1. Please report, largest first and rounded to whole Å, the three semi-axes of the ellipsoid equivalent to the chain, where each semi-axis is the square root of five times an eigenvalue of the C-alpha gyration tensor.
2. Could you order Phe112, Phe666 so the one with the most accessible surface comes first? Probe is 1.4 Å.
3. Would you mind counting up the charge near Thr90? Only other residues with Cβ under 9 Å from its Cβ, with Lys and Arg at +1 and Asp and Glu at -1.
4. Taking the Cα centre of the chain as origin, work out the dipole magnitude from +1 charges on Lys and Arg Cβ and -1 charges on Asp and Glu Cβ, in debye rounded to 20.
5. Given +1 on the Cβ of Lys and Arg, -1 on the Cβ of Asp and Glu, and no further charges, what dipole in debye does segment 72-157 carry about its Cα centre, rounded to the nearest 20?
6. Amide H of Ala429 versus every other amide H placed in the peptide plane: which residues, excluding those fewer than 5 positions away on the same chain, fall under 5 Å?
7. For segment 168-288, go through all pairs of different Cα atoms, get the mean of 1/r, take its inverse, and jot down that Kirkwood value in Å.
8. Using a simple charge model, +1 on the beta-carbon of Lys and Arg, -1 on the beta-carbon of Asp and Glu, nothing else, what dipole does segment 83-233 show about its Cα centre, in debye to the nearest 20?
Amino acid sequence: MARKRSQRSGNRRTPVRKPRLTLTGRVRVVRPGVATVETPEGSFSVARGGLHEAMDGDEVQVTLVRRGPGPEQAVVHGVLQRATSSFLGTYEKAEPLGVVVPLDGRLRHDFFVLPEDDSPERLQVSEGDVVSARILQYPTRQSAGVATIDRRVGSAMDLDMLVESVIASHGLSTVFPDAALREARNLRVDAGAELRSDAARRDLRGLCTLTIDPADARDFDDALSVRRLDDGGYEVGVHIADVTHYVPWGSSIDVEARLRTCSTYLVDRVIPMLPEELCNDVCSLRPGEDRLCMTVFLQLDAHGEVTGAQACSSVIHSHARLSYDQVDSLLRKELEPDELPVACGSAWEVADALVALDEVAQLRRAVRERRGAIDFDTREAKVLLDDQGRPTGVSVRERTAATSLVEEAMLLANEAVAKMLSDVDAPAAYRVHERPAPEDLAATIPLLRELGLVDNALAERVVAGVPSAIQEVLGKARGTGGEYVANALLLRAQKRAIYLPRNDGHYALGASAYCHFTSPIRRYPDDIVHRALKAYLKGELTSREQREVAKVLPQLCRTCSDQERVADLASRDSQKAKMAQLYLERIGERYSGVVVGCERYGLFVMLDDTCAEGLLPTRALGEEWFAYDDERMMLIGEATGRTWRLGQRIAVEITGASPERGQIDFALASVR
C-alpha cells in the first residue's frame, strides 16, 4: 500500500498539504454581512468575516474553505481592482477629523476627511449634511479609509433619507455630466425642416394619434393610431419618439445613456436615462405639438393575425394625451366622448379609435393564447406620498382594458421590428426569454398536485415546458384558492428575460422574434434597435456606425441586462421602505392576507388591500416545534400537525416596521 507523502520535521513526519486553489471573481454584497463572489468556476458565498477590505463590485482573489457540513465558502485575500470610487454619505465631525458615513449599508467602513482637507469648509458642509465623497485611500485591515468631499448634496432635513439610501445602495447616478447637459440644452424640434431634408420621413400630422399613460406620467414616448379596413381587419399605427435623431452614436448623451442603460422609477422620483430636455420636451409626444417619430404600421385581418408590417420615420401631431383611468371610463361607457381632453381634431374620432384599439387588443390576446403565450396575473402596488414625501396610502394597479390596449399594441410593434431585423441579421439587442429548466418546473409539481391542478399526464407536459400545459394549469387555478400559488410557483420557475445580440425567441410570449422598440426614452436597448431599424430602412447595415455597434453589442447587452436588474431592485426597495414607513403608523391594526413565501424561519404574508409584504416568524405561530417541508414549501407543527403553506388565507396584526430595512413584522391576529 502506498504511503502518504510527508515532510520530515525533526523526528516528526507532517503530511504535505495540498495548496489551496486561488480564484478570481467579483464581489456582490447583497446586504450587510451577506456577500457572494462570482467566479468562472461558479458562485460562492463569502464566509463570515471573509470579506475583509473588499467592497461591492470589486474584483478580488479568494480561496475556498469548508466550515461545517455545508458547501465551500470564499475568503477574500486581495483586491485586484476597485469598483467604487465615490459614494454618498452623511458628514460628521470627530475633531480634528471629519467622517463620512456611507448611506449605502453595504459599505461597511466609514471614511475620514483629514484635517488638512479644506473641502468641508470650501463647500460649506455642515454636520449631518449629505455629501458626495471621493475615495482617496481605501480601508485595509491595518488602516482606515480616507475621502474628500466633491459635492454637498443637501441637508438631511431637506432630503428623504430613506430614498437617498436606496439610491446610494444601488449606485444610481443622479447627476449628468456637463457635456451631456450642454448637448441637451442645444436641442430643438423643427419638424418642418426635417420633412424638407429627409424625403423618406412621412408627414403623419393629419393622422389621429393619441397617447395613453398613467395620470402622473411626464414623458410620453409612444402614441397610437388605428383605422378599420374594408375587409374587417385593422391597420394599427405605433409611433415611437425618434430619440436617436437627437442622440448621435458616441455623443456625450449617448455615452452616459450606455452607462445608465435605463431610467429607474423610484417611489418618489424618476432617475432618467436621458436629460430632462429630451425626456420631457423634445422627445416627449406631447399633445398638440409636432414630434419626430419612428412609426410601424401593422395590418391585421379580422381575426387579429398580422398580414403585413411597414416601418418608416415620421412626424406626428398627437391629438390627445389620455390617462388609463379616462380610457377605462370611456370603454365602460362611464365617460362621454366629448368629455375626453382632446388637443385637436374630433373627440368622437379619438373615442372611436379607442374602441377599435380595444377590439384589436381582445383579438390579439386570443391570437397569443393560441400560439402558446403564457399570461401570468400580476398586481402592481405603488405607495402614495404627500408633498413632504410621507406615505398616505397605496394604489394597486391591475390589468385593465386600457393597460391591455396599450400592451398589445406595443407587443405587436416589438415583434414586427424584431422580425424585420432578424430576417436580415441586423446587429440589434433582442429580448430573449429561454424555456425554463425542467428541474425548476418539476419542483412545482408536488404543490400543484396537492391543489388538484395536475394529473400525471399534465404534470409531464408541465415539466417538459409545454406552454399550453402551463396555460391549462393557470386556467384551472383561476378563481380558486390555489390561483395565487399556481401563478407564483410557475412564475418563479421561469428564467429571467435578458438582452442578447442574437434572436433566440421569447418563450413566455410565444414569439419567434422579439425586441424592445417602444421605449427609447427610458431603455437603451430600444435605442440600439432604433439605430438598426434606421440602417435597415436606408440600406446601411454595413455602415461604419453599425460595425461599431456590432463590435460592442455583446457587452452592451450584458450591461443592459445587469442594470435592468439593479433598477428593478432599487424601485422595489424604495417602495418597501415607504410601505414600512406607512405601516409604522399602523402598529396593532389587523389585516387579512395570503401566504406568499414559506421558509424555516417563518411565513411571508402579502396583505390583500395594499400588497404589502411582511414576515410572520415561526415563533409567532405557536408554542411548538415546526418542521419545514422543503418539497411542499410548508411548515408542520410537530405537536398539533397544523400546517402553514403557500396560498393559505391568514389574518395578521402589525407588530413592528423598519423603514430603513423595508421590513414589516406580523403576528397572528388571533394570538395576543
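The values are calculated or read from the model by the stated rules, or taken from the named source; none is laboratory data. The structure displayed is predicted, hence computed values, not measured ones. Cβ sites come from the backbone with ideal geometry, for glycine too, and all protein chains shown count toward neighbours. For the accessible areas, the whole protein counts, side chains as well, though only heavy atoms, and no ligand, DNA or RNA atoms are used. Shrake-Rupley method; radii C 1.70, N 1.55, O 1.52, S 1.80 Å.
1. After diagonalising the Cα gyration tensor, the semi-axes are 44, 35, 28 Å.
2. The most accessible residue leads, giving Phe112, Phe666.
3. Around Thr90, the surrounding residues sum to -3.
4. With Lys and Arg at +1 and Asp and Glu at -1, about 3760 debye.
5. Around 300 debye, computed over segment 72-157.
6. Placed amide hydrogens put Val529 under 5 Å from Ala429.
7. 16.6
8. 440
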